[in-house]
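Asker: First the structure, which I've put down as structure tokens, then a few questions once you've had a look.
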Amino acid sequence: MRRSTECLTIDSIQPEPDRIARAADVIRGGGLVAFPTETVYGLGANALDATAVARIFEAKGRPASNPIIVHVADVPAAKQLVSSWPNVASVLADKFWPGPLTFVLPRKSIIPDLVTAGGPTVGIRVPANAIALALLRAAGVPLAAPSANRSTCLSPTTAEHVRRSLDGRIDMILDGGPTTGGLESTVLDLCEPTPRILRPGLISILQIVSVTGGTVIQHARENPSGETIRSPGLMERHYAPRARVICVEDGGDEEVLKHVAAGARVGWITLDGAIKTSDNVICINLPFEAAAYAARLYSALHQLDDAGVDVIVAELPLEAPEWSAVRDRLMRAAALR
Ligand code: TXA
Ligand code: MG
């Protein structure tokens, strides 16, 4: 069903209470509100209302097998949704919440099956963004919120990205400007004694280990021997722009020339080098520092898509723990359809 989408600009530091109240009304009425978090824009609905959550799946074209992260305002609100809260969760929440770390924990039955894709666990986090937190408090309910984009497409880091992807499919967009983190949260499974990263994200394994002290299992990109997919976001072909993406371990000069010679318009994402321009090449140089790179990656990919390039050649950063999320997203964007 087509809906008219209202876009409200809102202050990112001191969100206007009247605007937050309007958005909270939409949430309590079972509607969908896109809002900024510190990672990417989320598409929020009342997590305790199965009908509202069903609208998220419909608006995104998301497969029902992919569970949704639930956002809450604080630790007590998180505890109300889970049936166990291990000590390691307290330790990690103390250090990283509000922030881009999602815990996967055994869920309570008040959470509708749709949210968890029928599974026994729920993903949960406290976002570090004043608008998101104000909305959570005003709505008085937890918010189920995946990234606010059509399924498998690039996550949005601005309200304009959301509008282009979901205009007419959702009720409201809160425009709080570009997100600061630029890449999604780390998803960490805390159901077993040894924590395991299901999706690398803005909090690196090194940061997690520095707090837990013990072993943390790194996420496995490959899924050998058809083992059940523990987090459907681990599926290939995700976080992808329209253009075909090719990852290169070297600078990419040869790859770019090859596509230009074949008549393609090429986007080129380079690392800490000079901007290299020529006809039919748009070059975007990103910083050689993981957090700064992450903050700009999606906006660069959106920009190249907007420019209508056919191919995007991306220089992969080195394989190191702090670059894990960036490499993961680039390789998923490059996975074949
Ligand atoms: O930064 C973020 O995490 C953003 C903002 C909006 O919070 N959200 C986000 O949501 O990226 P989404 O739906 O695009 O990705 C959620 C990821 C998916 O890979 C999903 O499979 C995984 O989290 N996930 C959610 N609940 C899970 C669960 N119970 N068990 C395993 N994986 C889960
Ligand atoms: Mg997503």
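The values are calculated or read from the model by the stated rules, or taken from the named source; none is laboratory data. The structure displayed is predicted, hence computed values, not measured ones. Don't worry about glycine lacking a Cβ; one is built from the backbone with ideal geometry, like all the others, and counts go over all protein chains shown.
Asker: Suppose we filter segment 255-302 for residues that are in a helix (DSSP H, G or I) and free of Cβ contacts under 8 Å to residues at least 12 places away in the same chain; how many remain? If you could, list the steps in order and put the result at the bottom.
Answerer: Filtering segment 255-302 for residues in a helix (DSSP H, G or I) gives 255-261, 290-302.
Add one more test, that the residue is free of Cβ contacts under 8 Å to residues at least 12 places away in the same chain, and what stays is 257-258, 261, 292.
Count: 4.
Asker: Any idea which residue in segment 119-156 is nearest to ligand 2 (Cβ to nearest atom), counting only those that are within 14 Å of L48 (Cα to Cα) and assigned to a loop (DSSP other than H, G, I, E, B)?
Answerer: Restricting to residues being within 14 Å of L48 (Cα to Cα) and assigned to a loop (DSSP other than H, G, I, E, B), the top hit is A145.
Asker: Of the conditions (1) buried (at least 18 other Cβ atoms within 10 Å of the Cβ); (2) at pLDDT below 95, A64 clears all except one; give me its number.
Answerer: Here A64 meets the rest and fails (1).
Asker: Let me ask something else about it. Confirm whether I27 is within 16 Å of ligand 1 (Cβ to nearest atom), touching a residue at least 12 places away in the same chain (Cβ under 8 Å), surrounded by 14 or more Cβ atoms within 10 Å (Cβ to Cβ) and part of a loop (DSSP other than H, G, I, E, B).
Answerer: So I27 does not fit the description; no.
Asker: When you go through R169, R164 one by one, which is the residue that is on the phi < 0 side of the Ramachandran plot and out of contact with any Ser or Thr (no Cβ under 9 Å at 6 or more places or on another chain)?
Answerer: On inspection, the qualifying residue turns out to be R164.
Asker: I've got another one for you. Name the residues in segment 101-116 that are farther than 15 Å from A78 by Cβ and surrounded by 16 or more Cβ atoms within 10 Å (Cβ to Cβ), would you? Lay out the reasoning, then the answer.
Answerer: Let us first name the residues in segment 101-116 that are farther than 15 Å from A78 by Cβ, namely 109, 112-114.
P112, L114, listed by residue number.
Asker: Just give me the residues in segment 59-93 being free of Cβ contacts under 8 Å to residues at least 12 places away in the same chain and either in contact with a His (Cβ under 8 Å, 6 or more places away or on another chain) or over 15 Å from I124 (Cβ atoms) (or both), in sequence order.
Answerer: Of everything in segment 59-93, just one residue is free of Cβ contacts under 8 Å to residues at least 12 places away in the same chain and either in contact with a His (Cβ under 8 Å, 6 or more places away or on another chain) or over 15 Å from I124 (Cβ atoms) (or both), namely N87.
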